[in-house]
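Taking it in order: structure first as structure tokens, then the write-up.
The values are calculated or read from the model by the stated rules, or taken from the named source; none is laboratory data. These figures come from a predicted structure and were not determined experimentally. With ideal geometry, Cβ positions are generated from the backbone for all residues, glycine too; neighbour counts draw on all protein chains shown. Just the protein is used for accessible areas: all its heavy atoms, side chains included, with ligands, DNA and RNA removed. Shrake-Rupley method; radii C 1.70, N 1.55, O 1.52, S 1.80 Å.
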Amino acid sequence: MNCLYPVYLNLDQQLCLVVGGGKVAERKICSLLECGALVRVVSPQVTPLIEQYSRQNKLELRSRDYQTSDLDGAFLVFAATNQPQVNQRVVEDCRQRNLPINVVDNPAACNFTVPSVIRRGKLAIAVSTGGASPLLAAKIRRQLEGHFGPEYGDFLEILADVRQQVLNDVEDITERQEIFKKLIESDILELIKEGKHDLIKERIDKCLSR
Ligand SMILES: C[C@@]1(CC(=O)O)C2=NC(=C\c3[nH]c(c(CCC(=O)O)c3CC(=O)O)Cc3[nH]c(c(CC(=O)O)c3CCC(=O)O)/C=C3\N/C(=C\2)[C@@H](CCC(=O)O)[C@]3(C)CC(=O)O)/[C@H]1CCC(=O)O
Ligand SMILES: NC(=O)c1ccc[n+]([C@@H]2O[C@H](COP(=O)([O-])OP(=O)(O)OC[C@H]3O[C@@H](n4cnc5c(N)ncnc54)[C@H](O)[C@@H]3O)[C@@H](O)[C@H]2O)c1
């Protein structure tokens, strides 16, 4: 198999279809909702959480077996039933319509897979093992969680603000790059971690001084 091509999708208001309503479907649904997707679930049975989200209108639930027309309007599709022949039918329907398909029981039939993800604000580190061992992906994710603490989220907020300011105010690209480099090499991350917020402004000003 070729190596997989990593991308980060903007799913805001995009319709994603999840076929199946068990615990694996629930995991995919939760991560889709977190990213602002519109979620349609087709499944005769669902977990209590999916049931609750349906009652709260957080997703559209079709409480029956999958049919091809459920794909109408979908941007991404997940086949997450415990019935291999149903999952296979969803795969074939998606191939016909040229829709991206993730199938939870057959990595070779997926044209995208879901990685294990660590998030710290705008920072998202995704781990994939190309389907070889999802459990190892999750273990590596937990190891990374220890290394990249919540301070990275705050640091990125600061960097994004200052970056905008620098893009507006500093015309010379080399000078801009030097400032960005100084910012990421500075001790601002440590200051956030140690709660020394009063020193941060001074450090930013120092990086901005020419
Ligand atoms: C990362 C994560 C994302 C997510 O799902 O959100 C994810 N699986 C997770 C957990 C997990 N999955 C499984 C177990 C039980 C232990 C075990 O069997 O190892 C656990 C552990 C648990 O449940 O805790 C079993 C399993 N998974 C797949 C198969 C089918 C097969 O291999 O044939 C089977 C066998 C089923 C069976 O036995 O029949 C297939 C896939 N699982 C993937 C992703 C894709 C490849 C990712 C990669 O490249 O690494 C891929 C190809 C398709 C896809 O689903 O996108 C999430 C961890 C999130 C986190 O904790 O951070
Ligand atoms: N990819 C992964 O991360 C991963 C992890 C563990 C297991 N798995 C695989 O995923 C499969 C699903 O696991 P689970 O624990 O969620 O299963 P589950 O038994 O909890 O749920 C199965 C769901 O499929 C639904 N379903 C059955 N027939 C259907 C149909 N015709 N149309 C629509 N929905 C239908 C059921 O209503 C039920 O909600 C397992 O069989 C296993 O092969 C994948």
Of every hundred units of 1.4 Å-probe accessible area on the chain, the number belonging to carbon and sulfur atoms, as a percent, is 50 percent
Computed from the beta carbon distance with a Förster radius of 41 Å, FRET efficiency for L144 and R97 to the nearest 0.05 stands at 0.70
Once the dipole of the chain is set up from charges on Cβ (+1 Lys and Arg, -1 Asp and Glu), the residue from the list Y152, L38, G131 lying farthest towards its positive end is G131
Expressed in angstrom and rounded, the centroid-to-centroid distance over alpha carbons for region 21-37 and region 81-108 is 17 Å
Among region 154-172, those whose backbone N falls under 20 Å of a label point 7 Å along Cα→Cβ from K182 are 155-172
One would report the antiparallel percent of DSSP beta bridges in the chain, rounded to the nearest 5, as 25 percent
In Å², rounded to a whole number, the accessible area per residue of region 15-114 with probe 1.4 Å is 51 Å²
Longest principal axis of the chain (C-alpha) makes with the long axis of helix 84-97 (C-alpha) an angle, in degrees to the nearest 10, of 70 degrees
The chain, Gaussian network, Cα under 10 Å: of D172, D187, D154, the residue fluctuating most is D172
In a Gaussian network model of the chain with springs linking alpha carbons closer than 10 Å, the residue among R40, R95, R141 that fluctuates most is R95
Site Q164, offset 7 angstrom along Cα→Cβ, radius 15 Å on amide nitrogen, limited to region 175-205, gives none
Between the Cα axis of helix 23-34 and the main Cα principal axis of the chain, the angle (0 to 90°, nearest 10) is 40 degrees
If R0 = 25 Å, then R64 and Q88, at their Cβ-Cβ distance, give a FRET efficiency to the nearest 0.05 of 0.85
Within region 108-210, DSSP-loop GluC sites (Glu not before Pro) with at most 14 other C-beta atoms within 10 Å are E171, E194
Karplus-derived 3J(HN,Hα) from phi for region 64-79 (6.51 cos²θ - 1.76 cosθ + 1.60, θ = phi - 60°), whole Hz, x at Gly and Pro, runs 6, 5, 4, 9, 4, 5, 4, 6, 4, x, 6, 9, 9, 10, 10, 9
Rounded to the nearest 10 degrees, the helix 173-185 long axis (Cα) sits at an angle to the longest Cα principal axis of the chain of 80 degrees
Taking Cα pairs closer than 8 Å and at least 6 residues apart, the relative contact order of the chain in percent is 13 percent
